[in-house]
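First up is the structure itself, then whatever we jot down about it.
The values are calculated or read from the model by the stated rules, or taken from the named source; none is laboratory data. Everything numeric in this text was worked out from a predicted model, so none of it was measured. Heads up, the Cβs are rebuilt from the backbone with ideal geometry, glycines too, and the neighbour counts pull from every protein chain shown.
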Amino acid sequence: MLNIKQYFGFLRKRKLRDCVAFGDFDMTFLALVIILLSIGLVMMFSASYINAWYDPEAGNDPYFYIKNQGAFAVIGLIAMFVVSKVRYDVFKDFAFTLLLVSFFLLLLVLIVPAKIPGKEEFHRWLKMPIVGGTFQPSEIAKLGLVMFCAWSMERRQKLIEKKWWMMLPYAVIIAFMCGLVYMENHLSGTILMLCIGLVMTYLGGIKAGWYVFALFAFAGAAALLISNPDILKKYAGDRIVAWRDEDYDPMGARWQINQSLYAIGSGGLFGLGLGNSKQKHLYMPEPQNDFVFSIACEELGFIRCILIILLFVLLVWRGFVIAMRAKDRFSSLLVMGIIFQVGLQAALNIAVVTGTVPNTGISLPFFSYGGTSLTILLTEMGMVLSVSRYSKIRKK
């Protein structure tokens, strides 16, 4: 007989004291989060105020983006500290539910997407009821996939270790989720979702032979798409052609990448100084979003931006320390999944703005404009802090 409560754990009654986390969280991890968030807000404001000044949709208010982002940062920090006080095993109760919610939202956004001026072909956003604004369901889906895999793979650990076919149900879930995200015209989200799913299944103990096959399949698919970009939807194919052929047409698909490289090159070793970017003066389209790091390179210079990259590396390292010394399998997989997502997203964004890979439209954690994504990111950091309360590490 199906036990509903084992899938919808929130239906179980818990006493309040069983939900509250005690002990100290990891101050090193918290400090890295706060430093990255602070630098990100400063750079997002510096990159955005010229664009906002000339944008009627922003009310020609140079403080439009920073006011919105700052408000969501406060909400996110509150959420982070609240979630850090929740026992990590409570998260198990919502893992399956969040997966179902993710699928529902990914289907809903294909049916009734929010219309964003200039981005009508992209079905990535839903309107938020009551409070207004929009959000991307794919942001929730990434966390939903991580939580589901961590919860499910802890419950089925022995079966996963013994049966080679245990990859199949996870492959179906990951493929379905990636397919829905791709239908949004969101190639970068699809790639990120696929990588998160593969890493979670690998960490969960799925037989290694599957990943040899996945590696060859991924390499073959990449070679096929680079050589035949027409296979993809037009917006994605055009970007691959522009990246491959190094198109310098001012109206071409590579225009944003070219402006990014001009910005990075202009910054030199020590930068032009905070606020002194030239490319953000309407040369770089929407510099507050995916290309905020190129403005940071222009204003702060190569050396300081290497330090920013180092901060991301330290955040990932500290997260994995917390995960490796976590109390149980679920909490370890949860933290690894969250930290891998942040690290991969940062790496892909930097690879895009430097022209190393085609422009995929992926945001930089803590830096890129986007209120709901920042709030979800800080909530995930709260989950890591909750797990750190029970990890066997020196928390200072």
Open item on the list: Based on this model, can you work out whether Phe29 counts as under 26 Å from Leu98 (Cβ atoms), surrounded by fewer than 15 Cβ atoms within 10 Å (Cβ to Cβ) and not polar (S, T, N, Q)?
Closed with: no
Open item on the list: Taking the criterion of being in contact with a Cys (Cβ under 9 Å, 6 or more places away or on another chain) and small (Gly, Ala, Ser), would at least one residue in the stretch 130-138 satisfy it?
Closed with: no
- [ ] Determine whether Phe94 is surrounded by 15 or more Cβ atoms within 10 Å (Cβ to Cβ), under 19 Å from Gly337 (Cβ atoms), touching a residue at least 40 places away in the same chain (Cβ under 8 Å) and under 23 Å from the mean Cα position of the chain (by Cα).
- [x] yes
Open item on the list: I need the full set of residues from the stretch 179-196 which are surrounded by fewer than 21 Cβ atoms within 10 Å (Cβ to Cβ), closer than 20 Å to Ile116 by Cα and of a type in the set (A, V, I, L, M), in order please.
Closed with: Met183
- [ ] Could you check how many residues of the stretch 198-223 are buried (at least 18 other Cβ atoms within 10 Å of the Cβ) and aromatic (Phe, Trp, Tyr)?
- [x] 1
TODO: Please go through the stretch 191-227 and pick out each residue that is of a type in the set (S, T, N, Q) and either over 21 Å from Thr356 (Cβ atoms) or in contact with a Phe, Trp or Tyr (Cβ under 7 Å, 6 or more places away or on another chain) (or both).
DONE: Thr201
- [ ] Of the numbered conditions (1) surrounded by fewer than 22 Cβ atoms within 10 Å (Cβ to Cβ); (2) touching a helix residue (DSSP H, G or I) at 6+ places or on another chain (Cβ under 9 Å), Pro358 fails exactly one; give the number of that condition.
- [x] (1)
Task: Looking only at the stretch 280-322, and only at residues there that are buried (at least 24 other Cβ atoms within 10 Å of the Cβ) and in a loop (DSSP other than H, G, I, E, B), the one that is farthest from the chain's Cα centre (by Cα) - done: Lys280
- [ ] Please enumerate the residues belonging to the stretch 383-396 that are surrounded by fewer than 22 Cβ atoms within 10 Å (Cβ to Cβ) and either farther than 21 Å from Leu30 by Cα or at pLDDT 90 or above (or both).
- [x] Arg389, Tyr390
